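Visitor: Questions regarding the structure given below will be posed in turn.
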Amino acid sequence: MDTDAHIPTNTWPQRMHIDGRFLILTQWLSPSFPIGAFAWSHGIENAVRDGWIDDAESLEEWLCTCLTEGSGRADAIWLRLAFEGDADAIDRQARAFMPSRERLAEAAHQGTAFRRTTNAVWGLELPELILPVAVGRAASEVGLDPDMTVQLYLQSFLSNLVAAAQRLMPLGQTEGQRVLAALQPTVTQVTEEIRDATVDDIFSNAFLADIASMRHETLEPRLFQS
(Lines give C-alpha, C1' and ligand atoms only; values in the text may rest on other atoms or scores of the structure.)
Protein backbone atom coordinates (compact mmCIF):
# COMPACT_ATOMS: atom_id res chain seq x y z
CA MET A 1 0.00 0.00 0.00
CA ASP A 2 1.25 3.49 -0.85
CA THR A 3 1.31 5.18 2.55
CA ASP A 4 2.62 8.46 1.11
CA ALA A 5 -0.84 9.26 -0.21
CA HIS A 6 -2.16 9.40 3.37
CA ILE A 7 0.43 11.85 4.68
CA PRO A 8 -1.11 15.34 5.03
CA THR A 9 0.59 18.12 3.14
CA ASN A 10 1.60 21.21 5.09
CA THR A 11 0.12 24.17 3.24
CA TRP A 12 1.66 26.83 5.53
CA PRO A 13 4.76 28.77 4.41
CA GLN A 14 8.11 27.24 5.27
CA ARG A 15 9.75 28.38 8.47
CA MET A 16 11.99 31.37 8.23
CA HIS A 17 14.46 33.04 10.55
CA ILE A 18 12.79 35.49 12.95
CA ASP A 19 14.78 38.52 14.03
CA GLY A 20 14.88 38.72 17.83
CA ARG A 21 13.86 42.37 17.61
CA PHE A 22 10.44 41.14 16.55
CA LEU A 23 9.83 40.41 20.23
CA ILE A 24 10.34 44.08 21.05
CA LEU A 25 7.62 45.04 18.61
CA THR A 26 5.19 42.42 19.90
CA GLN A 27 5.80 43.73 23.41
CA TRP A 28 5.14 47.33 22.39
CA LEU A 29 1.90 46.39 20.63
CA SER A 30 0.59 43.82 23.09
CA PRO A 31 -2.50 44.53 25.24
CA SER A 32 -0.25 44.46 28.32
CA PHE A 33 1.82 47.45 27.19
CA PRO A 34 0.70 50.36 29.41
CA ILE A 35 -0.74 52.85 26.94
CA GLY A 36 -4.33 52.64 28.22
CA ALA A 37 -5.81 51.42 24.91
CA PHE A 38 -8.64 49.74 26.84
CA ALA A 39 -10.08 53.16 27.73
CA TRP A 40 -10.70 54.29 24.14
CA SER A 41 -13.24 52.97 21.61
CA HIS A 42 -12.37 55.18 18.62
CA GLY A 43 -16.05 56.16 18.29
CA ILE A 44 -17.32 52.58 18.30
CA GLU A 45 -19.28 53.20 21.51
CA ASN A 46 -21.36 55.85 19.75
CA ALA A 47 -21.70 53.67 16.64
CA VAL A 48 -23.10 50.82 18.74
CA ARG A 49 -25.44 53.20 20.57
CA ASP A 50 -26.78 54.51 17.24
CA GLY A 51 -27.19 51.01 15.79
CA TRP A 52 -24.54 51.41 13.10
CA ILE A 53 -22.71 48.40 14.55
CA ASP A 54 -24.87 45.59 15.95
CA ASP A 55 -23.22 42.27 15.08
CA ALA A 56 -19.97 40.67 13.91
CA GLU A 57 -20.69 41.38 10.24
CA SER A 58 -21.32 45.09 10.72
CA LEU A 59 -18.28 45.34 13.00
CA GLU A 60 -16.07 43.71 10.38
CA GLU A 61 -17.40 46.06 7.70
CA TRP A 62 -16.82 49.08 9.96
CA LEU A 63 -13.24 48.09 10.77
CA CYS A 64 -12.47 47.26 7.14
CA THR A 65 -13.56 50.76 6.14
CA CYS A 66 -11.37 52.27 8.87
CA LEU A 67 -8.44 50.24 7.54
CA THR A 68 -8.82 51.05 3.87
CA GLU A 69 -10.46 54.48 3.86
CA GLY A 70 -10.03 56.03 7.31
CA SER A 71 -7.97 56.31 10.46
CA GLY A 72 -6.24 52.92 10.18
CA ARG A 73 -4.83 53.76 6.77
CA ALA A 74 -3.88 57.29 7.87
CA ASP A 75 -2.11 56.01 11.00
CA ALA A 76 -0.18 53.52 8.88
CA ILE A 77 1.06 56.32 6.65
CA TRP A 78 2.05 58.56 9.58
CA LEU A 79 3.88 55.63 11.14
CA ARG A 80 5.71 54.85 7.91
CA LEU A 81 6.69 58.50 7.35
CA ALA A 82 8.10 58.68 10.89
CA PHE A 83 10.67 56.02 10.01
CA GLU A 84 12.66 58.39 7.79
CA GLY A 85 11.26 61.87 8.25
CA ASP A 86 11.26 64.62 10.85
CA ALA A 87 9.08 63.11 13.59
CA ASP A 88 8.20 66.50 15.10
CA ALA A 89 7.02 67.91 11.76
CA ILE A 90 5.11 64.73 10.94
CA ASP A 91 3.48 64.82 14.36
CA ARG A 92 2.25 68.38 13.84
CA GLN A 93 0.72 67.42 10.51
CA ALA A 94 -0.86 64.27 11.95
CA ARG A 95 -2.47 66.23 14.78
CA ALA A 96 -3.90 68.73 12.28
CA PHE A 97 -5.53 65.92 10.31
CA MET A 98 -7.41 64.48 13.31
CA PRO A 99 -11.18 64.70 12.63
CA SER A 100 -12.30 65.25 16.23
CA ARG A 101 -11.11 66.39 19.64
CA GLU A 102 -11.46 62.89 21.09
CA ARG A 103 -9.50 61.24 18.28
CA LEU A 104 -6.66 63.66 18.97
CA ALA A 105 -6.87 63.03 22.71
CA GLU A 106 -6.83 59.26 22.12
CA ALA A 107 -3.72 59.40 19.93
CA ALA A 108 -1.97 61.95 22.16
CA HIS A 109 -2.61 60.22 25.49
CA GLN A 110 -1.55 56.84 24.14
CA GLY A 111 1.49 58.41 22.51
CA THR A 112 2.54 59.98 25.80
CA ALA A 113 2.19 56.66 27.63
CA PHE A 114 4.10 54.83 24.88
CA ARG A 115 6.87 57.44 24.97
CA ARG A 116 7.20 57.29 28.73
CA THR A 117 7.59 53.51 28.83
CA THR A 118 9.84 53.04 25.80
CA ASN A 119 12.15 55.84 26.91
CA ALA A 120 12.46 54.33 30.38
CA VAL A 121 12.90 50.70 29.33
CA TRP A 122 14.79 50.95 26.03
CA GLY A 123 16.75 54.14 26.71
CA LEU A 124 15.21 56.11 23.84
CA GLU A 125 14.66 59.85 23.80
CA LEU A 126 11.31 60.17 22.06
CA PRO A 127 9.67 63.60 22.32
CA GLU A 128 5.92 64.08 22.78
CA LEU A 129 4.32 62.40 19.76
CA ILE A 130 0.95 60.90 18.95
CA LEU A 131 0.90 57.10 19.01
CA PRO A 132 1.48 56.12 15.34
CA VAL A 133 4.30 58.64 14.96
CA ALA A 134 5.87 57.55 18.25
CA VAL A 135 5.74 53.88 17.25
CA GLY A 136 7.27 54.63 13.86
CA ARG A 137 10.07 56.72 15.33
CA ALA A 138 10.85 54.18 18.06
CA ALA A 139 10.80 51.27 15.62
CA SER A 140 13.22 53.10 13.35
CA GLU A 141 15.61 53.84 16.24
CA VAL A 142 15.83 50.19 17.28
CA GLY A 143 16.17 48.99 13.68
CA LEU A 144 12.83 47.26 13.12
CA ASP A 145 11.40 46.49 9.69
CA PRO A 146 8.84 49.13 8.63
CA ASP A 147 6.45 46.69 6.91
CA MET A 148 6.41 44.42 9.93
CA THR A 149 5.84 47.42 12.21
CA VAL A 150 2.90 48.68 10.16
CA GLN A 151 1.30 45.24 10.03
CA LEU A 152 1.54 44.61 13.76
CA TYR A 153 0.42 48.17 14.55
CA LEU A 154 -2.72 47.68 12.45
CA GLN A 155 -3.34 44.27 13.99
CA SER A 156 -3.08 45.82 17.46
CA PHE A 157 -5.38 48.67 16.38
CA LEU A 158 -8.02 46.16 15.27
CA SER A 159 -7.61 43.96 18.34
CA ASN A 160 -8.23 46.90 20.67
CA LEU A 161 -11.38 47.90 18.79
CA VAL A 162 -12.75 44.36 18.72
CA ALA A 163 -12.16 44.18 22.48
CA ALA A 164 -14.06 47.47 22.89
CA ALA A 165 -16.95 46.15 20.81
CA GLN A 166 -17.13 43.03 22.96
CA ARG A 167 -17.75 45.23 26.00
CA LEU A 168 -20.51 47.14 24.22
CA MET A 169 -22.56 44.48 22.40
CA PRO A 170 -23.26 40.73 22.32
CA LEU A 171 -20.09 39.57 20.58
CA GLY A 172 -18.43 36.38 21.75
CA GLN A 173 -14.72 35.66 21.89
CA THR A 174 -14.88 33.28 18.91
CA GLU A 175 -16.83 35.77 16.80
CA GLY A 176 -14.32 38.49 17.68
CA GLN A 177 -11.42 36.30 16.59
CA ARG A 178 -13.22 35.50 13.33
CA VAL A 179 -13.52 39.21 12.64
CA LEU A 180 -9.78 39.70 13.25
CA ALA A 181 -8.85 36.72 11.08
CA ALA A 182 -11.07 37.94 8.24
CA LEU A 183 -9.32 41.33 8.28
CA GLN A 184 -5.76 39.99 8.11
CA PRO A 185 -5.58 40.07 4.28
CA THR A 186 -6.73 43.69 4.40
CA VAL A 187 -3.96 44.53 6.88
CA THR A 188 -1.42 43.09 4.43
CA GLN A 189 -3.04 44.93 1.53
CA VAL A 190 -2.93 48.31 3.28
CA THR A 191 0.68 47.73 4.37
CA GLU A 192 1.68 47.19 0.74
CA GLU A 193 -0.40 50.05 -0.65
CA ILE A 194 0.99 52.74 1.66
CA ARG A 195 4.64 51.68 1.39
CA ASP A 196 5.59 54.72 -0.74
CA ALA A 197 2.80 57.03 0.45
CA THR A 198 3.35 60.71 1.22
CA VAL A 199 1.35 63.30 3.16
CA ASP A 200 -0.54 63.99 -0.07
CA ASP A 201 -1.97 60.47 0.16
CA ILE A 202 -3.69 61.14 3.49
CA PHE A 203 -7.48 61.21 3.34
CA SER A 204 -10.54 59.88 5.15
CA ASN A 205 -13.63 58.55 3.43
CA ALA A 206 -14.79 56.74 6.59
CA PHE A 207 -17.40 59.41 7.21
CA LEU A 208 -19.57 57.54 9.72
CA ALA A 209 -16.53 56.59 11.79
CA ASP A 210 -15.43 60.23 11.91
CA ILE A 211 -18.95 61.39 12.75
CA ALA A 212 -19.22 58.77 15.49
CA SER A 213 -16.04 60.09 17.10
CA MET A 214 -17.41 63.65 16.98
CA ARG A 215 -20.78 62.67 18.44
CA HIS A 216 -19.15 60.69 21.22
CA GLU A 217 -17.89 63.94 22.73
CA THR A 218 -21.39 64.61 24.12
CA LEU A 219 -22.50 60.99 24.68
CA GLU A 220 -23.79 60.28 28.19
CA PRO A 221 -23.54 57.88 29.89
CA ARG A 222 -20.50 56.23 28.39
CA LEU A 223 -17.83 53.65 29.16
CA PHE A 224 -14.98 54.94 26.98
CA GLN A 225 -13.14 58.22 26.60
CA SER A 226 -13.61 58.23 22.81
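The values are calculated or read from the model by the stated rules, or taken from the named source; none is laboratory data. No experiment lies behind these values; they were computed from the predicted model shown. Glycine also receives a Cβ, built like all others from the backbone with ideal geometry; neighbour counts cover every protein chain displayed.
Visitor: Please tell me if Ala47 is modelled with pLDDT of 95 or more and either assigned to a loop (DSSP other than H, G, I, E, B) or among the hydrophobic types (A, V, I, L, M, F, W, C) (or both).
Guide: It is false that Ala47 is modelled with pLDDT of 95 or more and either assigned to a loop (DSSP other than H, G, I, E, B) or among the hydrophobic types (A, V, I, L, M, F, W, C) (or both).
Visitor: Given the criteria in contact with a helix residue (DSSP H, G or I) (Cβ under 9 Å, 6 or more places away or on another chain) and within 20 Å of Thr65 (Cα to Cα), does Ile194 qualify?
Guide: Against the criterion (in contact with a helix residue (DSSP H, G or I) (Cβ under 9 Å, 6 or more places away or on another chain) and within 20 Å of Thr65 (Cα to Cα)), Ile194 qualifies.
Visitor: Next question, about the same structure. Counting residues that are modelled with pLDDT of 95 or more and among the hydroxyl-bearing types (Ser, Thr, Tyr), which helices (runs of 4 or more DSSP H) fully inside segment 56-131 reach at least 3?
Guide: Result: 56-69, 101-122.
Visitor: Within segment 55-102, track down each residue that is among the charged types (D, E, K, R) and either surrounded by fewer than 18 Cβ atoms within 10 Å (Cβ to Cβ) or more than 23 Å from His216 (Cβ to Cβ) (or both).
Guide: Within segment 55-102, Asp55, Glu57, Glu61, Glu69, Arg80, Glu84, Asp86, Asp88, Asp91, Arg92, Arg95, Arg101 qualify.
Visitor: Which condition number in (1) aliphatic (A, V, I, L, M); (2) surrounded by fewer than 20 Cβ atoms within 10 Å (Cβ to Cβ); (3) within 20 Å of Ile77 (Cβ to Cβ) is the one that Ala182 fails?
Guide: Condition not satisfied by Ala182: (3).
Visitor: Kindly establish whether Glu125 is among the acidic types (Asp, Glu), on the phi < 0 side of the Ramachandran plot and in contact (Cβ under 8 Å) with a residue 60 or more places away in the chain.
Guide: So Glu125 does not fit the description; no.
Visitor: Test Asp210 against the criterion of being at pLDDT below 95 and either among the β-branched types (Val, Ile, Thr) or surrounded by fewer than 23 Cβ atoms within 10 Å (Cβ to Cβ) (or both), and give yes or no.
Guide: Yes; evaluated as a whole, the condition is true for this residue.
Visitor: Moving on. Does Gln166 satisfy the condition of being touching a helix residue (DSSP H, G or I) at 6+ places or on another chain (Cβ under 7 Å), more than 29 Å from Glu84 (Cβ to Cβ) and without any contact (Cβ under 8 Å) to a residue 60 or more places away in the chain?
Guide: Considered against the rule, which asks whether it is touching a helix residue (DSSP H, G or I) at 6+ places or on another chain (Cβ under 7 Å), more than 29 Å from Glu84 (Cβ to Cβ) and without any contact (Cβ under 8 Å) to a residue 60 or more places away in the chain, Gln166 comes out as yes.
Visitor: Further question on the same structure: Going residue by residue through segment 23-30, is there one that turns out to be of a type outside the set (Gly, Ala, Ser), part of a loop (DSSP other than H, G, I, E, B), under 20 Å from Ser159 (Cβ atoms) and modelled with pLDDT of 90 or more?
Guide: Yes, segment 23-30 contains a residue that is of a type outside the set (Gly, Ala, Ser), part of a loop (DSSP other than H, G, I, E, B), under 20 Å from Ser159 (Cβ atoms) and modelled with pLDDT of 90 or more.
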